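The values are calculated or read from the model by the stated rules, or taken from the named source; none is laboratory data. What you see is a predicted model, and the numbers here were worked out from it, not measured in a lab. Here the Cβ positions follow ideal geometry from the backbone for every residue, glycine too, while neighbour counts run over all protein chains shown.
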Amino acid sequence: MEDNQGERWLYSEVLRSRGHHVIATADAESAWTSFVVTPFPLVVLDLVLPSADGLDLCRRIRAHALGADPVILVVTGKRDPNVIQESLDAGADDYLAKPLDLALLNLRLAVAEREVILKRERRTDQDRVTAQAEETRALLANLDEVIFSLDPRSNSLMRVSPAAGRIVGRSSTELLADKSLWRTLLYPHEVEVREQELTAGVNRTIVHRWQIRLPTGDSRWVEVAVKGARDEAGKLVRVDGVLSDVTEAQRSQDELAARNQELMTLYRISEVTLTATSTERAYEEILEELSKATGFSIAAILRFDAEHDRLVLTAGWGMPAGMARVDMPVHDSLAGVVVRTGQPVAEFNAGACQQMANDLLQGLGIQTYLAFPMVVSQEVVGALIFAHTDAMEPDRRLVRWAGSLANGVAQFIDRVAAQEALRDSEQGYRRLAEELQQANQELERFAYSVSHDLRAPLRTMQGFAHALIQNFGDRLPGEARDYAQRIIASGQQSEILIRDLLAYSRLSFEGLELQPVALAKVVAAAREQLEGDLREAHADIAVEGELPQVLGQTTTLVQVVANLISNAIKFVPVGGHPRIRLRAEEGDRWVRLWVQDNGIGIPPGQEDRIFRVFERLAEVGARPGTGIGLAIVRRGMERMGGRAGVETTEGGGSSFWLDIPRVEGAPRSAWLRKKS
Ligand code: ADP
């Protein structure tokens, strides 16, 4: 802009020669219009213009640079320093004094051009920074988390992202302005202990979770992760934090913990039902568990007495000792509604409830009252009550859970009733068995004493029969002597019978002490006892292989073995000679002793019968005996913890066996093992 045409031409030419595109104007107004259309980067301006003050144009351009921020070079004829200062104040970058020196003009233009380039570069940088800042702002605004920084020296909030408004319900401006507010919401004092870890130089992220209350009254769980930023010397200069809304996560965590707690309670209740020493104790422990788990100070089980239409207190927890009432009418009572309808009742303002007047808990100042039906086989058998003197907030989850607990308790009560019935009948059976055993023992003792007492008159009778024959034998008719002989023979027979019976019943109640016994010695003693019989019958008796040690009582064992050998001698076909073989087999728990003969054998199906008292088979014919020998064998073995039995031997004869307990820890004979 230059009003002087000559000078305008000069400037234009010089500028063009420097490669610029030039817009030349003669007055300020057209200059401003041109600038508004094309904001040029370099303005050469004559200070004294005809229509307007050059300084004014200068200011306008500066004020409305339209992003161009041009370099302004003022040309003035006045050399007054005040005027120069004024133009610089108005926004000029440089000045040139008239008259113009071409070389100086070129130099000044070169400086101005460099300035234009610098300005452009600065502008680009600035644009980039602005764009970045804008991106960061958009990012922070978009994030769900609140990002913030604290100044550890002044203990103040330096920055906080706009998400704060959404999560903690306060704008960043509010938080930045209020020291205590940001403290409570973003980083409360309780966390300061951990904050000290930051100052102590611990270089890791510290996470903390807490609950905040929003201005709306709602509460929310937030989690903050903070980390210290340090300078090169390691000094803490800033604390950066991210705060996120973890309400959902916390809720599911709480839900999970609650479910776990519910399961634990159910588990403990089932444990109690299995381990409690008595039903009363079990009820008490169950109610204690329920009270602990639900937070209700009172828990009670009420049984429904249908006959009298009343609810009777079965067990209570947290109730004052010696309660005035232990039952109440179903009608008019709150718990009665449960029994009548089969639906739970929840009263969170029980103090004002009419029906509490009739309740067992009346007078205890109950505010919260929950009652659940206890159902067994689709029938309401009672109610489970939870009560508290405080008003509690209605909690649907608690109500649902307590309801399921009520069912668990009902099942338990049902089971207890069944168990009690079973226990009663079991006890009955046991008592009966004991009575039976006692009666048996008494009978056996009676038989024993009768048998014992019979011996004396029998002997007297025999003695007199002998005396009759000895003293008057020659004077007696033959028939009378024969009678006397028969009395003696029957007497002998009776005596044998009594002896055997006594031996048998003694076995039933005499104490037996078991000791390691050499089986070989037992067999030898039995053979010695029967030496006469063996010789008389021309018996061939042999022991095959070794006989090990066993656990038993010597006398009883000798008697048992002797009875078997005696039978083997006795039950041979008429005119035959007995051939008896004894051998042992060793098993894990038993030593089996076999006594085999070549006798008349046992008909199939009779193997068990012959071991009973007085049982003799038809095959025995006139062979002597009482039918007690094998009964002694079986009972003797049983008393020693063993067994006895018989098998038919191939090719005739019988094989009796005895299973006698092994001596624990005794080595097993290699020979015997091979044989078995
Ligand atoms: P007893 O020998 O006094 O008849 P036991 O109780 O010893 O009474 O035997 C009962 C019955 O078993 C015998 O009467 C006989 O019928 C049968 N019995 C026992 N041992 C043998 C045997 N070794 N061979 C065949 N039958 C036998």
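Arg209 meets each of the listed conditions (1) over 25 Å from Arg137 (Cα atoms); (2) modelled with pLDDT under 85 apart from (2). Report whether or not Glu223 is in a strand (DSSP E or B), free of Cβ contacts under 8 Å to residues at least 40 places away in the same chain and either more than 23 Å from Ile167 (Cβ to Cβ) or of a type outside the set (A, V, I, L, M, F, W, C) (or both). Answer is yes for this residue.
Applying the criterion of being part of a helix (DSSP H, G or I) and at pLDDT 75 or above to the residues of region 178-195, the residue that is surrounded by the fewest Cβ atoms within 10 Å (Cβ to Cβ) is Ser180.
Does Leu507 satisfy being assigned to a helix (DSSP H, G or I) and touching a residue at least 40 places away in the same chain (Cβ under 8 Å)?
Values: assigned to a helix (DSSP H, G or I): yes; touching a residue at least 40 places away in the same chain (Cβ under 8 Å): yes.
So Leu507 fits the description; yes.
For first residues located in region 620-631 and touching a residue at least 60 places away in the same chain (Cβ under 8 Å), partners that are basic (Lys, Arg) and more than 6 Å from the ligand (Cβ to nearest atom) and lie 6+ apart or on another chain with Cβ distances below 7 Å form the pairs Ala631/Arg612.
Of the residues making up region 619-639, those that are outside any loop (DSSP other than H, G, I, E, B) and more than 8 Å from the ligand (Cβ to nearest atom) are Arg634, Arg635, Gly636, Met637, Glu638, Arg639. When the residues of region 546-589 are filtered to those that are touching a residue at least 40 places away in the same chain (Cβ under 8 Å) and among the polar types (S, T, N, Q), the one that is farthest from the ligand (Cβ to nearest atom) is Gln549. The number of residues in region 596-612 that are more than 8 Å from the ligand (Cβ to nearest atom) and under 15 Å from Gly636 (Cβ atoms) comes to 1.
A single entry from Val613, Val595 fulfils the requirement of being β-branched (Val, Ile, Thr) and out of contact with any Leu (no Cβ under 8 Å at 6 or more places or on another chain): Val613.
Give me a count of the residues in region 529-545 that are touching a residue at least 24 places away in the same chain (Cβ under 8 Å) and more than 30 Å from Ala618 (Cβ to Cβ).
Going through region 529-545, the residues touching a residue at least 24 places away in the same chain (Cβ under 8 Å) turn out to be 529-530, 533-534, 537-545.
Still in the running and more than 30 Å from Ala618 (Cβ to Cβ): 542-545.
Going through region 529-545 one residue at a time, the tally reaches 4.
For the structure I just gave you, tell me whether Arg592 is assigned to a helix (DSSP H, G or I), more than 7 Å from the ligand (Cβ to nearest atom) and either at pLDDT below 95 or farther than 21 Å from Asp540 by Cα (or both). Criteria not met by Arg592.
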